[in-house]
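The values are calculated or read from the model by the stated rules, or taken from the named source; none is laboratory data. Small disclaimer: the values here were computed from a predicted structure and weren't measured. Cβ placement follows ideal geometry from the backbone for every residue including glycine, while neighbour counts extend to all protein chains displayed.
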């Protein structure tokens, strides 16, 4: 098949969507499919630009890592016409994803979309409760015409189905268990401290207040017995650095360096309540780390309390600190949870997900129907 992936974020930007996209692209090409990626242009290029059409973009105000492109798509249309796709996958709901969506509808092609980001919950955090309804209506409008809507957890799929997107399917919850593995652990490193790690975008929707509160409370109890590490960047990075002066702040890291960091940590802390999957939590599990995470969002689908980590009430910094302290003090339980985490992650290999992706695209191609009007009713179940 000839598959066009149209996205508002891609390498070299580092986030969960770009990680999944890179795996999709590599896996599809390895299986003999032709893949075109349409993505924003960044100040620096990605390592592999083969088959990538870059679109002029500007930084999003206040969040420079996010890029915005024009919603006018003449050059994108030309590139897609030249590629002649069998399937168009609108990976994101932004301007570029919108161009891909309109192209597929106009050409009566198979259309697949993705729901990676829980925009209604993001809208509530950034704008207030009033913004949830408009966000849901837009998502209904965007995804309602797709043959399939990919989302990485059954919980999110069920939410989408409840709001009228019955074509939602679970896909994209894999992890690279060869890159992220306990085998990268440095056996020769002297371990005088336990390392407590957080990895992720440092943005408001990630509930960084709980992360900061948990690290501060745990530090007050454990003192020099623990090394706290934060890897990631975003609009709240400076604020987090100021509030956690005792922690090591590493910014975004290349994937192999990140894999080494996971393997040489002892605990992973992830308080975000707005995830559709929480890919970094799966990566930590693959490296053999117990995960302490919120009892909210898609992370619940991967976290088994008492088997591969601890589930904590969302927003409760003191409960997170309690869990950190318990596992720092109890090495045998920590090791058992780490072994359970690794075993769970191995069952989430990307090979299985990619094997399921091909039939999904084939089914979309077979199910394509007569042209769907560009405008659909903008409503959603309350």
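So here's what we get for this one:
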item: Matching residues, region 301-316, being surrounded by fewer than 24 Cβ atoms within 10 Å (Cβ to Cβ) and either under 20 Å from residue 258 (Cα atoms) or within 16 Å of the chain's Cα centre (by Cα) (or both); result: 301
item: Test: residue in region 160-169 that is more than 24 Å from residue 97 (Cα to Cα), crowded, with 22+ Cβ neighbours inside 10 Å and in contact with a helix residue (DSSP H, G or I) (Cβ under 7 Å, 6 or more places away or on another chain); result: no
item: Which numbered condition residue 73 misses (of (1) out of contact with any strand residue (DSSP E or B) (no Cβ under 7 Å at 6 or more places or on another chain); (2) surrounded by 19 or more Cβ atoms within 10 Å (Cβ to Cβ); (3) more than 28 Å from residue 233 (Cα to Cα); (4) free of Cβ contacts under 8 Å to residues at least 24 places away in the same chain); result: (4)
item: Total residues in region 80-101, condition modelled with pLDDT under 95 and farther than 30 Å from residue 202 by Cβ; result: 0
item: Selection count where residues are buried (at least 23 other Cβ atoms within 10 Å of the Cβ) and under 21 Å from residue 20 (Cβ atoms), scope region 77-96; result: 8
item: Hits in region 1-22 - residues which are crowded, with 18+ Cβ neighbours inside 10 Å and in a strand (DSSP E or B); result: 3, 4, 5, 6
item: The lone exception for residue 52 - which of (1) over 19 Å from residue 107 (Cβ atoms); (2) crowded, with 18+ Cβ neighbours inside 10 Å; (3) touching a helix residue (DSSP H, G or I) at 6+ places or on another chain (Cβ under 8 Å) it fails; result: (3)
item: Matching residues, region 179-200, being closer than 18 Å to residue 269 by Cβ and either touching a strand residue (DSSP E or B) at 6+ places or on another chain (Cβ under 8 Å) or free of Cβ contacts under 8 Å to residues at least 40 places away in the same chain (or both); result: 193, 194, 195, 196, 197, 198, 199, 200
item: Options 127, 139, 160, 109: the member that is outside the structural domain of residue 206 (by TED's automatic domain parsing), on the phi < 0 side of the Ramachandran plot and modelled with pLDDT of 95 or more; result: 109
item: Within region 96-170, helices (runs of 4 or more DSSP H) holding 2 or more residues that are in contact with a strand residue (DSSP E or B) (Cβ under 6 Å, 6 or more places away or on another chain); result: 154-162
item: Residue 18 vs. criteria free of Cβ contacts under 8 Å to residues at least 40 places away in the same chain, outside the structural domain of residue 298 (by TED's automatic domain parsing) and either touching a helix residue (DSSP H, G or I) at 6+ places or on another chain (Cβ under 9 Å) or more than 28 Å from residue 282 (Cα to Cα) (or both); result: no
item: Hits in region 334-352 - residues which are touching a residue at least 60 places away in the same chain (Cβ under 8 Å), surrounded by 15 or more Cβ atoms within 10 Å (Cβ to Cβ) and in contact with a helix residue (DSSP H, G or I) (Cβ under 8 Å, 6 or more places away or on another chain); result: 334, 338, 342, 345, 348, 350
item: Enumeration of residues in region 301-357 that are within 17 Å of residue 275 (Cβ to Cβ) and in a strand (DSSP E or B); result: 305, 309, 310, 311, 312
